[in-house]
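This report concerns only the one structure given below.
Any read-out appearing in this document is the output of simple, stated calculations on the displayed coordinates, not a laboratory observation. What you are looking at is a predicted structure, and each value in this text was computed from that prediction instead of being measured. Cβ atoms come from the backbone with ideal geometry, glycine included; neighbour counts cover every protein chain shown.
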Amino acid sequence: MIEMIKEKKSVGIIGAGLAGLSAGALLSKKGFKVTIFEKEEFIGGRALSFIGKNLTLKNYKKILSNFYMNIAFSEPVIGKIFDKKLLDGYTLDLGFHAIGNGNANSIQELLSEFNEQVDTLDTNTGLIKENGYKFPFISASDKLRMLPLILRLFIISDSNMKKFDSVPMAETIERYGKGRTKIALEVFSRSITTVNNLNYISTGEMLRVEKRLAKSSKPVGYPKYGFHSYSNALINIIKRNRGKIYLNKPVSKIIINKNKALGVVVENKKYHFNYIISNILVQNLFNIASEKQFPKEYVKKLKSLEGTGSLCAYYSLNKVNPELVGKSFQFIERNIGVDGNDAVGIIDFMTSVPEANLSPPGKYLVQSYIICTPKEAQDIKILKKLKTLLDKNLQLLIPNYKSNLNWAIYPAIWHLDGVAKTIYNDKPKIKTPIENLYLIGDCVKAPGIGMNCAVNSAYILTNLLNNSTN
């Protein structure tokens, strides 16, 4: 059976992740007829939040598995957490979520075009030290000392920044990193990319990100009620503009003929569209599109791309020092034997703000993570070491946290960002070699990191399609 979408500007989007939903909203505003197919029973992709009381252990494990995750550790054992309904009243994200640029992030900018708004908490970041912490990480006096570097960021053009794309941060830090500037570059470049190895991080990419962050009042943001707040707002926009979304409808095939994408197959039914947009991991594209239709080098390149990894931790506490609530703290652990030798992580108290509505009254939810490679995220020996470091840094902030602990869950993730933004991962362009087939998400070349990259890819795509139909 074939369903013909006769409108000249019909678009089929595969995947209701943040990029797919953003593209759906933007394209529907431009008059495109939008249809989104999502293989899961929920929207949001990896920007997903769970309502604790609606979650079963079986479903939790299944969803984690679908997103390249598992429960590495828990306290008490995970079965007991569910049997005693300890998650009732909590909202948990799929993995550690925070977004760069605070309230000025790309999602909020998109929503503002539709007069939509998601209340977002934002904050500066501090640095955890053995004898306490420093907040903010970069003080006013630090900024004065760094002023020459900051001014240089603002005057460097994008074309000149490209000269630094192949220069590793390790080399840049060796040349320019001194005192507070050195540790700032070491920590921020790792936490922004979710990559520990400074030899892999592009100086050019970091300059672009730092330039944008320097223009924001706060570098880190988190939406009230969890990240599904963003997804829900985007769905409302799409529905208002008469777009359609089908849940639990996996696309089994992209129909390609004579180097042109014509439609998709869903449950043995063919849907024809003018444009096909893929919001799945680019490495998985050839599960639904015949690789024989693509140039061999293109196939080889996409299959070689790697994501990032981390070990997360969610702690439920009965008590938190009021001075910590609403703040976010970074840390760096030296010489621990992971790729890059040092590892960076974050202990985040934005989720413990009562107005965030993520935990029951009188309880506090703290989220955290420590960076590792995808391979390390599947190595139980390394994960045990990383868990110890997460707990250690929380204890530096809250010395008696264990006496106030209700439960803790530690999900390990071996495919966090779609494609790690490194020197050796050359992200593909949004337009593929196949006519009318496009890629979006944090897997492709677009400004920003992670979720900002995903949303910005939707902007670029919308401009491409809008220009092609005018």
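Data overview
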read-out: Label-point gap, in nm, between V265 and T388 - each point 7 angstrom along Cα→Cβ; value: 5.2 nm
read-out: Per-selection Kirkwood Rh - the chain (Cα, Å, 1 d.p.); value: 22.9 Å
read-out: Phi to ³J(HN,Hα) by Karplus 6.51 cos²θ - 1.76 cosθ + 1.60 over the stretch 433-445, Hz, x for Gly, Pro; value: x, 8, 4, 6, 10, 10, 10, 9, x, 7, 9, 10, 6
read-out: Rel. contact order, % - alpha carbon contacts under 8 angstrom, at least six apart, the stretch 344-406; value: 29 percent
read-out: The chain: relative contact order in percent, alpha carbon pairs under 8 Å with at least 6 residues between; value: 25 percent
read-out: Restraint check, K162/K421; K53/K385; K182/K375; K182/K427; K182/K301; K319/K421, Cα-Cα greater than 26 Å; value: K53/K385; K182/K375; K182/K427; K182/K301; K319/K421
read-out: N470 versus I183: modelled label distance in nm, points set 7 Å from Cα along the beta carbon direction; value: 5.0 nm
read-out: Using a Förster distance of 45 Å, the FRET efficiency for K163-E41 (Cβ separation, nearest 0.05); value: 0.45
read-out: CD proxy at 222 nm, helix term only [per DSSP H run n ≥ 4: -39500 (n - 2.57); per residue of the chain; nearest 500]; value: -9500 deg cm²/dmol
read-out: Convex hull (Cα only) mean projected area of the stretch 397-470, reported in nm² to one decimal; value: 8.4 nm²
read-out: Mean-position separation - Cα centroids, the stretch 412-442 and the stretch 231-296, in angstrom; value: 16 Å
read-out: Entries in K327/K392; K58/K244; K381/K445; K9/K239 that, when Cα-Cα distance is taken, lie over 24 Å; value: K58/K244; K381/K445
read-out: Likely footprinting exposure, F114, F188, F32, fewest C-beta neighbours within 10 Å first; value: F114, F188, F32
read-out: Cα gyration tensor shape for the stretch 1-130, rounded if a/c is under 1.5, else prolate or oblate; value: oblate
read-out: Using alpha-carbon coordinates, inclination of helix 57-66 to the longest axis of the chain, degrees; value: 70 degrees
read-out: Contact order normalised by residue count of the stretch 321-364, Cα under 8 Å, 6+ apart, percent; value: 35 percent
read-out: Amide H within-cut-off set for F73, under 5 Å, with H built and near neighbours excluded; value: Y410
